[in-house]
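The values are calculated or read from the model by the stated rules, or taken from the named source; none is laboratory data. Since this is a predicted model, take the numbers as computed values, not measurements. Cβ: placed from backbone, ideal geometry, glycine included. Neighbour counts: every protein chain shown.
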């Protein structure tokens, strides 16, 4: 028995030595980790984040993303006329072939195609002849026949009349006058400016004035009941009356007898 106890004593000593060394080494290695976890939990509980501890402050609402405010959007963003004129100004740098290709491209939005027609008109409509003119007319007429967009139709009619008044005036001017009653203000303004432009580039021919007078007379006759209660004409009615006065000035004052009395009161 004594021999057994004597022989096992070194084993117990080795076991206790291992435990002692393990506790010393474990405390040495674990104490920094425990300290770091203590610092981290203490700082985050006080309102700090890890990024702030490392020196990277998180962006706040006042420094980063602002909440969406509808008032920040310019009202012109939703103005069709403003957008179309913006596209037209951008396309003014394009050449003859590119503009015609854009006009007949069915994959682009109608408002961009209309802007391309406007840019083409301002650059080339009055300055092309022979083959170029014939090619442009074919493209514009083909686009007009397939398009159902009022934006595009107004620009096409305006352009074709300027390119050849004798051929297209009687066909497109009455339709352009009807577009002045369109519910969209941008289309109404485009049609009115188109008529002003066509009149300014003409020679005040009685044939052209007759077409304008007859068209407006029919339009106003259809609205004579409504016009009876009008004391102050609105903007659209003023536009029609202004063009009507131009036609009467050329045709003569005898044409006043052909107008409804409700229109005479406004004149």
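Overview of results
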quantity	calculated
Test for residue 208: is it in contact with a helix residue (DSSP H, G or I) (Cβ under 9 Å, 6 or more places away or on another chain) and in the same structural domain as residue 244 (by TED's automatic domain parsing)	yes
Filtered residues of the stretch 90-101 (kept if over 12 Å from residue 140 (Cβ atoms) and either part of a helix (DSSP H, G or I) or under 17 Å from the mean Cα position of the chain (by Cα) (or both))	90, 91, 96, 97, 98, 101
Enumeration of residues in the stretch 212-239 that are under 17 Å from residue 170 (Cβ atoms) and surrounded by fewer than 18 Cβ atoms within 10 Å (Cβ to Cβ)	214, 217, 218, 219
So residue 242, is it surrounded by 12 or more Cβ atoms within 10 Å (Cβ to Cβ), closer than 30 Å to residue 111 by Cα and in the same structural domain as residue 119 (by TED's automatic domain parsing)	no
Residue within the stretch 196-209 that is under 28 Å from the mean Cα position of the chain (by Cα) and either assigned to a loop (DSSP other than H, G, I, E, B) or buried (at least 20 other Cβ atoms within 10 Å of the Cβ) (or both) present	yes
Residues within the stretch 234-267 that are assigned to a loop (DSSP other than H, G, I, E, B) and either without any contact (Cβ under 8 Å) to a residue 24 or more places away in the chain or at positive phi (or both), tallied	2
